[in-house]
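Coordinate-derived values only; no laboratory data. From a predicted model like this one, the values you see are computed outputs, not experimental measurements. For neighbour counting, all protein chains shown are included, and Cβ atoms are generated from backbone atoms with ideal geometry for every residue, glycine included.
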Amino acid sequence: MLSIQPGQHGSTFGGNPLACKVATAALQVLEEEHLADNATRMGDLLRKELRGLPEDIILQVRGKGLLNAVVVAPEYNAWDVCLKLKENGLLAKPTHGDIIRLSPPLIITESQILQALDIIKKTFIQLKNQ
């Protein structure tokens, strides 16, 4: 049976006081600025509006908080959709052939979500008319 010998396992950066302080400060900002609550509210808004888009393009919308996936119809390759979104001013990541990942920052505002949705709607209209 394989076993770890002395000196074979370690944690070079484990317990680093500076890294611990940075992590603590980041957690404090998350709490003080209610970023988890914002992620929930903005994610709910994003998914609600995306589900209202034409079902012949968007087959499924899923997610939690601000980590979201949009499944597009097979004729709308996720890579091509993401390139068109980029041309229109929105960054998204293709995941597999038919899934687009939308994961905006925790600090995003409602007006920014609505602006992103306008870009998404515009992009799908353009793709549909090609």
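For the stretch 12-72, the C-alpha radius of gyration sits at 1.67 times the compact-globule guess of 2.2 N^0.38 Å, with N the residue count. Residue order for Leu27, Leu85, fewest other beta carbons within 10 angstrom first, comes to Leu27, Leu85. Treating each Cα of the stretch 6-130 as one equal point scatterer and applying the Debye formula with no solvent, the log10 of I(q)/I(0) at q = 0.22 Å⁻¹ comes out as -1.22.
Within 15 Å, Cβ to Cβ, of Glu75, how many net charges do the neighbouring residues add up to if Lys/Arg are +1 and Asp/Glu are -1? Charge balance in the 15 Å sphere: -2.
When the Cα gyration tensor is reduced to axis lengths a ≥ b ≥ c, the ratio a/c is 1.5 or higher for the stretch 66-130, and with a/b not above b/c it is classed as oblate.
Taking Cα centre as origin and charging only the Cβ of basic (Lys, Arg, +1) and acidic (Asp, Glu, -1) residues, the dipole magnitude of the chain rounds to 180 debye. Each residue of the stretch 93-99 is assigned a 3J(HN,Hα), and the resulting list reads 10, x, 10, 6, x, 10, 10 Hz, derived from the Karplus form 6.51 cos²θ - 1.76 cosθ + 1.60 (θ = phi - 60°), x at Gly and Pro.
Dividing the summed -39500 (n - 2.57) terms of all DSSP H runs of n ≥ 4 by the residue count of the chain sets its mean residue ellipticity at 222 nm at -15500 deg cm²/dmol. Ordering Ile4, Leu50, Leu66 by the projection of their Cα atoms onto the charge dipole of the stretch 1-100, which places +1 on the Cβ of Lys and Arg and -1 on the Cβ of Asp and Glu, puts Ile4 at the extreme positive end. Excluding the site residues themselves, the longest part of the chain lacking any GluC sites (Glu not before Pro) in a DSSP loop with at most 15 other Cβ atoms within 10 Å is 76-130. Total lysine pairs in the stretch 45-130 at Cα distances under 13 Å, for residues eight or more apart or on different chains: 6. The amide H of Leu59, built 1.01 Å from its N in the peptide plane, has Val71, Val72, Ala73 as neighbours under 5 Å, considering only residues 5 or more places off or on other chains. Of the DSSP H helices in the chain, those with a Cα length along their own long axis of 18 Å or more and a mean Kyte-Doolittle hydropathy reaching 0.0 comprise 17-32, 110-128.
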